[in-house]
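The structure appears below as structure tokens.
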Amino acid sequence: MGKADPNAPVAAPEFVDYSITAPDGVTAGGSRQWITRGQNFVLVYSEPVAGDVLYSGALASEQVVLLIDESSAMTGTGSGQTHTATGPALVVIPPGQAEITSTGTGPIVQLIQSDEEEWAKRASNAESYATPHPRVAPLELWPEPVDGYRWRVYRMADVPDEPTRFGRIFRTRAFMVNFIKPMQGPRDPHKMSPHFHDDFEQCSLIVAGTYVHHIQTPWSTDSTTWRPEDHARVGSPSVTIIPPPTIHTSQAIGSGTNHLIDIFSGPRHD
């Protein structure tokens, strides 16, 4: 990652609860879409209608598609080929022309680099990034794939559980996604995990259940910049952008299924 300014003001976290917020757009086929951005990425959350084209266009960079659950499914075209995938899964689409059609009704998420300016402008919180956040390191792409760009599908069913591993982590040139396994019931309040990141944002995508994001902004010597702690309750679906170097942890409080996915851009070296 590039250089961030550790002496710059700390940005405020952003909470966008799609469960109580009107969509940012509705496709011609009736799919509802919410668009939220961070410093280096744009996230498009779709509640699709089966058979609807969710995306058709060309990008200079890869995009990542998340098929959230068993009812999420897609057909994709690009590079003269047709590709199919059923969730839960992560799909990497190479640069260039592509089309995504939902073949199910489960949620589908697209992750696009924020230097794709037309997409960045469409985000509901675009104004928050009218000036880049100096605490966040600029995106530095990881190397190109050794075997070249191509469509890649990673099914969560093919990733065995390992008790010592926290989630299922996938990296592309611009993204790192931790597709954490859904959990049942509330998180043990005696086993929280407060931590911070020096120079990168964390995007917490809640796709099932109810959570409280606990976020503390470190105090500086300038008391006028101090902020009260955030203990923000969010439903699903929702997106929370957690800025560096705030101390944070997320607590599932729903009695049923709770499921979050952590997203970073660029990929973390740690």
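The values are calculated or read from the model by the stated rules, or taken from the named source; none is laboratory data. What you see is a predicted model, and the numbers here were worked out from it, not measured in a lab. In this analysis, Cβ positions are derived from the backbone assuming ideal geometry, glycine residues included, and neighbour counts consider all displayed protein chains. Areas reflect the complete protein model, heavy atoms only, side chains present, ligands, DNA and RNA absent. Shrake-Rupley method; radii C 1.70, N 1.55, O 1.52, S 1.80 Å.
Any chance segment 119-131 includes a residue that's within 16 Å of Leu90 (Cα to Cα), open to solvent by less than 80 Å² (accessible area, probe 1.4 Å) and in contact (Cβ under 8 Å) with a residue 12 or more places away in the chain? The answer is no; no qualifying residue exists. Which ones in segment 1-31 are within 29 Å of Thr210 (Cα to Cα) and touching a Gly at 6+ places or on another chain (Cβ under 8 Å)? Matches in segment 1-31: Asp17, Ser19, Ile20.
Residues that are modelled with pLDDT of 95 or more, open to solvent by 30 Å² or more (accessible area, probe 1.4 Å) and hydroxyl-bearing (Ser, Thr, Tyr) occur at least once in segment 205-226.
Within segment 51-68, identify whether any single residue is surrounded by fewer than 17 Cβ atoms within 10 Å (Cβ to Cβ), charged (D, E, K, R), under 21 Å from the mean Cα position of the chain (by Cα) and at pLDDT 95 or above, and answer yes or no. Checked against the condition, which is being surrounded by fewer than 17 Cβ atoms within 10 Å (Cβ to Cβ), charged (D, E, K, R), under 21 Å from the mean Cα position of the chain (by Cα) and at pLDDT 95 or above, segment 51-68 yields no hits at all. Number of residues in segment 143-171 that are in contact with a strand residue (DSSP E or B) (Cβ under 7 Å, 6 or more places away or on another chain) and either farther than 28 Å from Gln33 by Cβ or not in a loop (DSSP other than H, G, I, E, B) (or both) equals 7.
Pairs meeting the criteria (first residue in segment 10-28 and within 14 Å of Thr240 (Cβ to Cβ), second residue open to solvent by 30 Å² or more (accessible area, probe 1.4 Å) and assigned to a loop (DSSP other than H, G, I, E, B), beta carbons under 6 Å, at least 6 apart or on different chains) are Ala11/His133. Picking from residues in segment 155-175 that are of a type in the set (Phe, Trp, Tyr) and under 18 Å from Ile112 (Cβ atoms), the one that is farthest from the chain's Cα centre (by Cα) is Phe170.
Mind counting the residues in segment 95-109 that are part of a strand (DSSP E or B) and without any contact (Cβ under 8 Å) to a residue 60 or more places away in the chain? Full working, then the answer.
First, the residues of segment 95-109 that are part of a strand (DSSP E or B): 96-102, 108-109.
Right, trim to without any contact (Cβ under 8 Å) to a residue 60 or more places away in the chain and you get 96-101.
Residues that pass the stated criteria total 6.
Can you spot a residue in segment 235-248 that is β-branched (Val, Ile, Thr), open to solvent by 10 Å² or more (accessible area, probe 1.4 Å) and in contact with a Gly (Cβ under 8 Å, 6 or more places away or on another chain)? No, segment 235-248 contains no residue that is β-branched (Val, Ile, Thr), open to solvent by 10 Å² or more (accessible area, probe 1.4 Å) and in contact with a Gly (Cβ under 8 Å, 6 or more places away or on another chain). Out of Ser79, Ser71, one residue alone is farther than 23 Å from Phe200 by Cβ, open to solvent by 10 Å² or more (accessible area, probe 1.4 Å), at pLDDT below 95 and not hydrophobic (A, V, I, L, M, F, W, C). It is Ser79.
Across segment 88-106, the number of residues qualifying as crowded, with 23+ Cβ neighbours inside 10 Å and out of contact with any Lys or Arg (no Cβ under 8 Å at 6 or more places or on another chain) comes to 4. Screening Ala232 with (1) part of a strand (DSSP E or B); (2) crowded, with 20+ Cβ neighbours inside 10 Å gives one miss only, at (2).
Of all residue pairs spaced 6 or more apart or on separate chains, those with beta-carbon atoms under 6 Å, a first member in segment 189-213 that is part of a loop (DSSP other than H, G, I, E, B) and a second member that is hydroxyl-bearing (Ser, Thr, Tyr) and surrounded by fewer than 21 Cβ atoms within 10 Å (Cβ to Cβ) are Met192/Thr249; Ser193/Thr249; Pro194/Thr249; Gly209/Ser236; Gly209/Thr257.
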